[in-house]
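The values are calculated or read from the model by the stated rules, or taken from the named source; none is laboratory data. The model shown is predicted, which means the values in this text are computed figures rather than measured ones. Note that each Cβ is placed from the backbone with ideal geometry, even for glycine, and that neighbours are counted across all protein chains shown.
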Amino acid sequence: MPLALRDLQRAFAAHLAGDDQPALAAEVRPGAARLGIHRHHVLDSLASALAATFPTVQAVVGADYFRGLARAFIGGSLPVQPVLAEYGADFPAFVAGHDVSRGLPYLADVARLDWALNLAFHAPAGDRLVAADLATVPADRLPALRLALAPGTALVGSPYPLDRIWRASQPGAPADPVDLASGGVHLLVLRRPDDAVFVALSAGEAAFARGIAEGLSLEDAAGRGASGFDLSAAFARLLGLGVLAAVQ
Amino acid sequence: MQPVAGQLIVGQPVAGIGLRAPHLAEIVRERPATGFLEIHAENYLAGSPALQALESLRSDYALSIHAVGLSLGSVEGLDEAHLARVAALVKRVEPALVSDHLSWSSVDGRYFNDLLPLPYTEESLAVVVRNVQHVQEALGRTISVENPSCYLAFAQSTISEPEFLAELSRRSGCGLLLDVNNIAVTAHNLGLVANDWLDLPGEAITQYHLAGHAANDADGERILIDDHGSRVSDGVWSLFAEVVERFGRRPTLVEWDTDLPALPVLLEEAARAASVGGRGAARAA
């Protein structure tokens, strides 16, 4: 009795996920070994997609180790839709829980930074506020203003010097060792017209930006900063970076 | 129903190239002469600077949107959210051609990023006809369906691939995208005769694809892999000449996706494709 199409596709999917299917194998001509071509292609092409999205993770652990890490992830987290630029949201959490993070405790943060850069690169251009947009707002109304972060903007914090780790992992970077004990960072990831980048913020600026993202007024968001926080300087910096937008 | 070809007229000796990320800046800057540009739909759905570049190229080039993820052979039907995104891209870009493959990629909400084979049965035919009709309704236009490269077949198949494609076109009104390299790969891997694809209904064929393939030895068995990673092989050029002789010219894409060469090499390969079937050129190819 041949497999009905639904059963055949489910059996094929189970085979691709690593679970051999005798009923399917019996249907395959010229021989069941040919199924391996598809299993290999699925794992290999998805590992390549993850390598494109997490280039810094790959640079840190090396291409061969990355393949194994990716394959271990793929088995339990196949894509749920065909846009591969959107595949891998769970990879940083997978890395955090993987044995590799015992030796490389900053690797999951590297993955989070790669993912944030990927999201920023694919974010819609969107309208960003510039200084002229605020020229009509009376100065005494500014503290009560509620804004949003522009599409693709993200905050990535780490107890490790993530910016230095990232730079040391770029192609052609000098092989200077990074002192892991040199302190943590607050990185702001943002989309520019042709690429995505990050800049380092002070702790106060990061808390301020997070408050804006949560929908607080500028005054309340500034209250998240440390005492002596310079609201107008921080606001001017975020405005200059083009990461502020009107609330939609 | 006559398949829509837009600015790309069936019978024109045009050949185009894929718009791939490493060539994007050069193409935007130099605007090289080529018949059309092809994109993979799934690479332009997430939004990116590349999508803005594509919009800037629209005025100078006819475009072809080639989808790889609609999963026309999925028994569970189509991913409506994905179809809506492809439809929005088609509306935004207004391509001359839209296509996907005779294959499936998704089941139970999981996507495998491969063009997986179908058994060629009446049951499969009904599924693909239904899915193709649904895509065509969503896009408001006909699409073309491409013959896949096959590495295996199913014992339960009762219909040959060319017969399956012909019947799919007859029942759904879709066009056919004839990938000449895929014919060569499938025929070799499954012990079939490439000339069987020359029995397709020529009036349904809207496009041709050409590409390079690799040969792998698996346990002493030579298997051709459709990797789009090299020049078109001599055997595929010969088969292409026969195809053009049989069906006439169609807009032709040279696909090159891995080990991408410098842009001039790709353009040269496309120019060669455009010359096949011209007066006095058919025999030279």
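Select, from A:ALA233, A:ALA173, A:ALA209, the only residue that is surrounded by fewer than 16 Cβ atoms within 10 Å (Cβ to Cβ) and either in a helix (DSSP H, G or I) or among the charged types (D, E, K, R) (or both). I'd like the intermediate steps shown before the answer.
Values: A:ALA173 fails: either in a helix (DSSP H, G or I) or among the charged types (D, E, K, R) (or both); A:ALA209 fails: surrounded by fewer than 16 Cβ atoms within 10 Å (Cβ to Cβ).
Criteria check complete, one pass: A:ALA233.
Here is a check on your reading of the model: is B:ALA46 in a helix (DSSP H, G or I), closer than 27 Å to B:ASP259 by Cα and within 11 Å of another protein chain (Cβ to nearest Cβ)?
Values: in a helix (DSSP H, G or I): no; closer than 27 Å to B:ASP259 by Cα: yes; within 11 Å of another protein chain (Cβ to nearest Cβ): yes.
Answer is no for this residue.
Out of all the residues in segment A:5-24, which are in a helix (DSSP H, G or I) and either more than 10 Å from chain B (Cβ to nearest Cβ) or of a type outside the set (A, V, I, L, M) (or both)? Working first, answer last.
Residues of segment A:5-24 in a helix (DSSP H, G or I): A:5-16, A:22-24.
Scanning segment A:5-24 gives A:ARG6, A:ASP7, A:GLN9, A:ARG10, A:PHE12, A:HIS15, A:PRO22, A:ALA23.
Somewhere in segment A:41-56, is a residue at the interface with another protein chain (Cβ under 9 Å from one of its Cβ atoms), assigned to a helix (DSSP H, G or I) and free of Cβ contacts under 8 Å to residues at least 24 places away in the same chain? Please lay out each step first, then the result.
Residues of segment A:41-56 at the interface with another protein chain (Cβ under 9 Å from one of its Cβ atoms): A:41-42, A:45-46, A:49.
Filter once more, keeping what is assigned to a helix (DSSP H, G or I): A:41-42, A:45-46, A:49.
When the remaining residues are screened for being free of Cβ contacts under 8 Å to residues at least 24 places away in the same chain, the result is A:41, A:45.
The answer is yes, given that some residue of segment A:41-56 is at the interface with another protein chain (Cβ under 9 Å from one of its Cβ atoms), assigned to a helix (DSSP H, G or I) and free of Cβ contacts under 8 Å to residues at least 24 places away in the same chain.
Of the residues B:VAL107, B:VAL132, which single one is in contact with a helix residue (DSSP H, G or I) (Cβ under 8 Å, 6 or more places away or on another chain) and within 11 Å of another protein chain (Cβ to nearest Cβ)?
Step by step, each of B:VAL107, B:VAL132 is checked, and only B:VAL107 is in contact with a helix residue (DSSP H, G or I) (Cβ under 8 Å, 6 or more places away or on another chain) and within 11 Å of another protein chain (Cβ to nearest Cβ).
Evaluate segment A:60-80: report whether one residue or more is under 22 Å from the mean Cα position of the chain (by Cα), more than 30 Å from B:GLU122 (Cβ to Cβ), more than 13 Å from chain B (Cβ to nearest Cβ) and not in a helix (DSSP H, G or I).
Yes, because at least one residue in segment A:60-80 is under 22 Å from the mean Cα position of the chain (by Cα), more than 30 Å from B:GLU122 (Cβ to Cβ), more than 13 Å from chain B (Cβ to nearest Cβ) and not in a helix (DSSP H, G or I).
Just checking, does segment B:80-89 include any residue being surrounded by 21 or more Cβ atoms within 10 Å (Cβ to Cβ), touching a Gly at 6+ places or on another chain (Cβ under 8 Å), closer than 17 Å to A:VAL83 by Cα and at the interface with another protein chain (Cβ under 8 Å from one of its Cβ atoms)?
For segment B:80-89, residues surrounded by 21 or more Cβ atoms within 10 Å (Cβ to Cβ), touching a Gly at 6+ places or on another chain (Cβ under 8 Å), closer than 17 Å to A:VAL83 by Cα and at the interface with another protein chain (Cβ under 8 Å from one of its Cβ atoms): present.
Residue-wise test of (1) in contact with a strand residue (DSSP E or B) (Cβ under 9 Å, 6 or more places away or on another chain); (2) aliphatic (A, V, I, L, M).
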site	(1), (2)
B:SER56	no, no
B:GLY69	yes, no
B:LEU72	yes, yes
B:VAL75	yes, yes
B:LEU89	yes, yes
B:SER99	yes, no
B:TRP104	yes, no
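Go through the residues of segment A:25-38 one by one and say whether even a single one is more than 8 Å from chain B (Cβ to nearest Cβ) and crowded, with 18+ Cβ neighbours inside 10 Å.
So far as segment A:25-38 goes, no, none of its residues is more than 8 Å from chain B (Cβ to nearest Cβ) and crowded, with 18+ Cβ neighbours inside 10 Å.
Let's see how each residue does on (1) in a helix (DSSP H, G or I); (2) away from chain A (no Cβ under 14 Å); (3) aliphatic (A, V, I, L, M); (4) touching a strand residue (DSSP E or B) at 6+ places or on another chain (Cβ under 7 Å):
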site	(1), (2), (3), (4)
B:CYS150	no, no, no, no
B:GLU167	yes, yes, no, no
B:ARG171	yes, yes, no, no
B:ASN181	yes, yes, no, yes
B:HIS209	no, yes, no, yes
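Counting just the residues of segment A:212-229 that are among the hydrophobic types (A, V, I, L, M, F, W, C) and farther than 22 Å from A:LEU113 by Cβ, which one comes out surrounded by the fewest Cβ atoms within 10 Å (Cβ to Cβ)? Outline the logic, then answer.
Going residue by residue through segment A:212-229, those that are among the hydrophobic types (A, V, I, L, M, F, W, C) are A:212-213, A:216, A:218, A:221-222, A:226, A:229.
In the following step, the residues that additionally are farther than 22 Å from A:LEU113 by Cβ were identified as A:216, A:218, A:221-222, A:226, A:229.
On the way: A:LEU216: 17, A:LEU218: 21, A:ALA221: 26, A:ALA222: 21, A:ALA226: 9, A:PHE229: 18.
Residue satisfying both the conditions and the ranking: A:ALA226.
Please determine, by comparing only the residues of segment A:184-206 that are within 14 Å of chain B (Cβ to nearest Cβ) and not basic (Lys, Arg), which one is surrounded by the most Cβ atoms within 10 Å (Cβ to Cβ). Let's see the steps before the verdict.
Of the residues in segment A:184-206, the ones within 14 Å of chain B (Cβ to nearest Cβ) are A:190-197.
Now restrict to residues that are not basic (Lys, Arg): A:190, A:193-197.
Values: A:LEU190: 25, A:PRO193: 8, A:ASP194: 12, A:ASP195: 11, A:ALA196: 21, A:VAL197: 14.
Filtering segment A:184-206 for residues that are within 14 Å of chain B (Cβ to nearest Cβ) and not basic (Lys, Arg), the one surrounded by the most Cβ atoms within 10 Å (Cβ to Cβ) comes out as A:LEU190.
Condition check: touching a residue at least 12 places away in the same chain (Cβ under 8 Å) and more than 14 Å from every other protein chain (Cβ to nearest Cβ). Does A:LEU113 satisfy that? Walk me through it before giving the result.
Details: touching a residue at least 12 places away in the same chain (Cβ under 8 Å): yes; more than 14 Å from every other protein chain (Cβ to nearest Cβ): yes.
Yes; evaluated as a whole, the condition is true for this residue.
In this structure, is B:SER64 within 11 Å of chain A (Cβ to nearest Cβ), under 30 Å from B:ALA153 (Cα atoms) and either polar (S, T, N, Q) or assigned to a strand (DSSP E or B) (or both)?
On the way: within 11 Å of chain A (Cβ to nearest Cβ): no; under 30 Å from B:ALA153 (Cα atoms): yes; either polar (S, T, N, Q) or assigned to a strand (DSSP E or B) (or both): yes.
No; evaluated as a whole, the condition is false for this residue.
Can you pull out the strands (runs of 3 or more DSSP E) entirely within segment B:214-274 that have at least 1 residues that are charged (D, E, K, R) and modelled with pLDDT under 95? Give the derivation first.
On the way: elements: B:214-218, B:221-225, B:252-255.
Because the criterion is at least 1 residues that are charged (D, E, K, R) and modelled with pLDDT under 95, the strands (runs of 3 or more DSSP E) in segment B:214-274 that meet it are B:214-218, B:221-225.
Conditions tested, residue by residue: (1) under 30 Å from A:VAL197 (Cα atoms); (2) at pLDDT below 90; (3) not hydrophobic (A, V, I, L, M, F, W, C).
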residue: B:MET1; (1), (2), (3): no, yes, no
residue: B:LEU8; (1), (2), (3): no, yes, no
residue: B:GLY16; (1), (2), (3): no, no, yes
residue: B:LEU57; (1), (2), (3): yes, no, no
